[in-house]
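In what follows, a structure is listed as structure tokens, so that the remarks can point back to it.
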Amino acid sequence: MQKKKNFSLHFRVRSMFDVVNFTKSFRELISFSDFFRNFANEFRTQTNIVIMMLTIFTMLGSLALLMFGMKSMSEALQKMAGSQLRHALGAMTSNRFTGLLTGSIVTASVQSSTATTVLTVSFVNAGLLTLAQAISVIMGANIGTTFTAWIIALGASFDISIVSYISFFAGIILIYMKKQRYIGDFLFGLGMLLLGLTTLRVTGQAMDLGHNPDVLAFFESFPQNSYFTVLVFLLLGGVLTFCVQSSAAVMAITMLLCGSGAMPISMGIALVLGENIGTTITSNLAALSANTQARRAALAHMFFNIFGVLWILMIFYWFVDGVVWAVDYIGNNVFHVDIENMSVDKRLTFTLAAFHTGFNVINASILIWFIPQIEKFVCWVIKTKKVDEEEDFRLHFITAGFMKTPELSVLEAQKEIRQFAVRIQRMFGMVRELLTEKDEKAFVKLYSRIEKYEGISDNMELEIAKYLDEVSDAHLSDETKAKIRAMLREISEIESIGDACFNMARTISRKYQGKQDHFNDKQYEHIHQMMELTDDALTQMNSLMSGRKDSYDANRSFNIENEINNYRNQLKVQNINDINNHEYSYAVGTIYMDIINECEKLGDYVVNVVEARMGTRQKDA
């Protein structure tokens, strides 16, 4: 009986311990459960942050792919055209209507109005297009850029990534076919552009911005049907376009926001208007360091777009309603598409594309008749600087800040080398004047100018060589690489011509300062005849530099050089005889032959320039 009581007591005590242990275990279980729940929540939060970051980087990457695709297409187009591009542009812009069509086609091909505009401004800077031609091309660029919006709108209806993969496949085949590699580069750029647009659209759909309360609250914070809201988004569109340097990229974002239902159509259209202004800032900033005509072309671009935005703001809401009606009417009656039952994203993207096209087409249709007046206006705003061309040694065509392709950069360098050669011949003309100058003050002044020209020629050689060296770092066609090698040789030889001119001037100055005896009439006649031959050689060289080499006969320069060599040899023998016959002193004869020999050296440098330009050697000619 006592054992039973002890057992019962033991059981109760043990049960109490069991309850305590169980309670403790239960609490630990609850604590572990809370830890697990907190860990799970934290993991879910971290996962959401990672997903959000990946989505943002995917969107930024797709925009980068879009812009790089446009850049690749632009460069490939110029490489395909090569040196013929400038001749084609000149022929296709013979009047305002063909210029408008040219700008539209080129921009639709490279999918970037900024690239076309900067390219056009650069051609004006290089003197390849007139201001009136440039204005018509820029008007066309504004129409051609609307093609991007239609690609995005069509991408909402079917998967355009299929086209991008086809472009990649065809492009890689053509790239390995060396003769067609530039077409392959163009197709690869097109594929990247389309893939970027597709990725951007898919990412936008995954973000579901139309149901994001924060995004919706942001747009709802702006009063609807208010001109203040329109102006705010117009400014925002301009700033965004300037920052990303691509109106097409901002247009893609705009259509993404409107297509998702997050942004009202009126705000999207205001962004589109801002994009039209923002894209003009790039070309104007690029033209700040350019010549007067290039800055005028950039200003004309800004005037064109600002004028369009101003008149559209006056009738903004009526115009928006008109575009919506036009999309519905054309869709239902022309294409037999049930617009009313179409999904919101497709309907809004088509409306934005229609507005973009309609706005630019109407604006161009109005202003194309006033191109002469626009030209006068920009010429009045940006006046030509009055400078002495003879003393203006700035580089005219090579400018910093331009977004140029290597092909265009080489073209501008060619124009600069042409100016370099013209200035060197002007320098030689000063040496000829110095030879006969008797007045001491005029002599010193003219010698100082020649000395200044020699210093500037050294600087020009260095600046052009530095520019070509920077261009050579880019991916170049074989033809362009050969051009750069030839141009480096050209500037080296032209600078040597400048050195020869300065050597002659120093020799003449040494004679003048040393109060040596004057040359006799026969010496003056021989020097003038030698200088006349040398000047003819420089004239032929500049004729080649300013024209097309396929229309130039290099034998002209080679024949003049042979005449110079033969005449130098003849005078060398005659000089020895004249000194022996005491017709003049040995010192005078030395100075006389120094001038003759420098003329002969100058003739050799001229032939070297001709050979570099023609891509040949005298023995091959």
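Assorted remarks:
- Among the residues of the range 544-566, those that are exposed (fewer than 13 other Cβ atoms within 10 Å of the Cβ) and outside any helix (DSSP H, G or I) comprise GLY547, ARG548, ASP553.
- Residue within the range 564-573 that is closer than 30 Å to GLU440 by Cα and touching a His at 6+ places or on another chain (Cβ under 8 Å) present: yes
- Per-region count, the range 578-592, residues farther than 29 Å from VAL606 by Cβ, free of Cβ contacts under 8 Å to residues at least 12 places away in the same chain and in a helix (DSSP H, G or I): 3
- Residues located in the range 224-251, provided they are closer than 16 Å to PHE316 by Cα, assigned to a loop (DSSP other than H, G, I, E, B) and either open to solvent by less than 10 Å² (accessible area, probe 1.4 Å) or without any contact (Cβ under 8 Å) to a residue 40 or more places away in the chain (or both): SER226
- Within the range 446-494, tally of residues that are in a helix (DSSP H, G or I) and either over 30 Å from GLU433 (Cα atoms) or open to solvent by less than 20 Å² (accessible area, probe 1.4 Å) (or both): 27
- Here ASP214 meets the list (1) modelled with pLDDT under 75; (2) open to solvent by less than 40 Å² (accessible area, probe 1.4 Å) almost entirely, failing just condition (2).
- Some residue of the range 567-580 being surrounded by 18 or more Cβ atoms within 10 Å (Cβ to Cβ), under 21 Å from ASN608 (Cβ atoms) and of a type outside the set (Phe, Trp, Tyr): yes
- Enumeration of residues in the range 257-270 that are among the aliphatic types (A, V, I, L, M) and either open to solvent by less than 10 Å² (accessible area, probe 1.4 Å) or under 28 Å from the mean Cα position of the chain (by Cα) (or both): ALA262, MET263, MET267, ILE269, ALA270
The values are calculated or read from the model by the stated rules, or taken from the named source; none is laboratory data. Remember, it's a predicted structure, so these values are computed and weren't measured experimentally. Cβ sites come from the backbone with ideal geometry, for glycine too, and all protein chains shown count toward neighbours. Keep in mind that these areas ignore ligands, DNA and RNA; they rest on the heavy atoms of the full protein, side chains included. Shrake-Rupley method; radii C 1.70, N 1.55, O 1.52, S 1.80 Å.
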